[in-house]
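*Asks:* Below you will find the structure I want to go over with you.
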Amino acid sequence: MKTSALVLAAGEAKRMGEPKQLLPYKGQPLIMHTVKALQTLPLYSLHVVLGAYFEQIHPILDEARIPWIFNPDWQEGMGTSIRAGMQQLPPDTDQVMICLADQVHISGGILSKLLALHQTASSPLTASVYGETIGVPAIFSQAFFPNLRELGGAQGARAILRKYQDQLNRFPWEKGVQDIDTPEDYRQLLSDDQ
């Protein structure tokens, strides 16, 4: 199975007031924390979707030789980033894993378990479950590529996961609930890691 991955990193991070993709975390920019976790998997392709702060972020990815995609419609919302990423997938991709740049507890081990669950189950969708949320990281089989390519605006992949819950493998990952949206979130993260 050829698994491609997309990291959504195009957001403006209004509540943070600065590019959260570049916040230092464990000795590297936050975005590289997610990318390095993905690089532990046997991926067919990996792309980061950029938008806001493109000029500041892409040099870091270039230096690490990580392919990126620029989403010119990033201001319209996450759905446009998924759509932009899907347009650049290798055409023979069998399944796509979608991740966010700010889920700080992501790791190669977590993603490996998610991928293993997807490959051993008969269902075409596998998603993380935290609290009341069904969300990303999630894996979509090829049958759902048209749905992902039709996304737009603020509507992200979660809409597809909710709609097709009867075809969904659930991957329990309680720590997935923690992302970094505000300076307080970031301070709390750093103090928790001490």
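*Asks:* Residue check, G17 against (1) over 20 Å from L114 (Cβ atoms); (2) modelled with pLDDT of 95 or more, all met but one. Which one?
*Replies:* (2)
*Asks:* Among residues belonging to the range 20-34 that are open to solvent by 20 Å² or more (accessible area, probe 1.4 Å) and in contact with a strand residue (DSSP E or B) (Cβ under 8 Å, 6 or more places away or on another chain), point out the one that is farthest from A116 (Cα to Cα).
*Replies:* L22
*Asks:* Out of the range 108-135, which residues are at pLDDT 95 or above and not hydrophobic (A, V, I, L, M, F, W, C)?
*Replies:* If the condition is that a residue be at pLDDT 95 or above and not hydrophobic (A, V, I, L, M, F, W, C), then G108, G109, S112, K113, H118, P124, T126, S128 are the ones that fit.
*Asks:* Still on this structure: Report the residue count in the range 29-54 for those that are more than 13 Å from the chain's Cα centre (by Cα) and part of a strand (DSSP E or B).
*Replies:* Residues flagged as more than 13 Å from the chain's Cα centre (by Cα) and part of a strand (DSSP E or B) within the range 29-54 amount to 4.
*Asks:* Looking for something over 27 Å from A143 (Cβ atoms), part of a helix (DSSP H, G or I), modelled with pLDDT of 95 or more and open to solvent by less than 10 Å² (accessible area, probe 1.4 Å) - is there at least one such residue anywhere in the range 70-87?
*Replies:* No, the range 70-87 has no match at all.
*Asks:* Which is at pLDDT 95 or above, within 22 Å of F171 (Cβ to Cβ) and open to solvent by less than 40 Å² (accessible area, probe 1.4 Å), of A37, A10? Explain how you work it out, then say what you get.
*Replies:* Numbers: A10 fails: within 22 Å of F171 (Cβ to Cβ).
The conditions single out A37.
*Asks:* Sticking with this one: Name the single residue that is nearest to C99 (Cα to Cα) among those in the range 169-193 being in contact with a helix residue (DSSP H, G or I) (Cβ under 6 Å, 6 or more places away or on another chain) and either basic (K, R) or assigned to a strand (DSSP E or B) (or both).
*Replies:* Top of the filtered list is F171.
*Asks:* Which one of I66, I60 is under 23 Å from Q39 (Cβ atoms) and either open to solvent by 20 Å² or more (accessible area, probe 1.4 Å) or in contact (Cβ under 8 Å) with a residue 60 or more places away in the chain (or both)?
*Replies:* Going through I66, I60 in turn, the sole match is I60.
The values are calculated or read from the model by the stated rules, or taken from the named source; none is laboratory data. Keep in mind that what you see is a predicted model, and the values were worked out from it rather than measured. Quick reminder, even Gly has a Cβ in these numbers, built from the backbone with ideal geometry, and neighbours come from all protein chains shown. Keep in mind that these areas ignore ligands, DNA and RNA; they rest on the heavy atoms of the full protein, side chains included. Shrake-Rupley method; radii C 1.70, N 1.55, O 1.52, S 1.80 Å.
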